[in-house]
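Let me begin by presenting the structure, written as structure tokens, before commenting on it.
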């Protein structure tokens, strides 16, 4: 009986892994093709200033700044969401779009009962002028700067 339970637990883990692979693959396709419209059609990096929400802790905001300064040739500012209350950001035409961060928690339980916890970071566009949130990009990584780099490179590729 114990042998059957072990095999069933192993089969269950394989099924969960396959679902995760299929899910992450569909997110990747949505990211690459913009089929979920994560990148707004009317976003033009030549107009206005892209706001990017700082995410993570330790050195991640610094790494995000390095990512932006290295890869994004347009105007941008890294901010905290509290900064949006400053008079400087009142002009929603100039500061129309913000890349907001999303943090997700993932838990996996192994057959031996141990649990593993991982954190993922992704971003989504928010149109401040029209009060509209777009889909997450699907470029989730364990560190915000990694996700941001992928998003920025895709923006450059699509909008040049």
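List of remarks:
- Spin-label model distance (nm) - residue 128 vs residue 37, 7 Å beyond Cα toward Cβ: 2.3
- Ranked by how many other beta carbons lie within 10 Å on average, peptides 72-81, 87-96 from highest: 72-81, 87-96
- Theoretical FRET efficiency, 1/(1+(r/R0)^6), r = Cβ-Cβ of residue 153 and residue 110, R0 30 Å, to 0.05: 0.30
- Multiplying the residue separation of residue 66 and residue 102 by 0.36 nm and removing their Cα-Cα distance gives an extension gain of 11.0 nm.
- Ordering of 121-128, 56-63 by packing is 121-128, 56-63, highest average first (other Cβ atoms within 10 Å, averaged per residue).
Since every read-out is calculated from the coordinates, none of them should be taken as a lab result. Every value quoted in this text rests on a predicted model; they were computed, and no experiment measured them. Cβ: placed from backbone, ideal geometry, glycine included. Neighbour counts: every protein chain shown.
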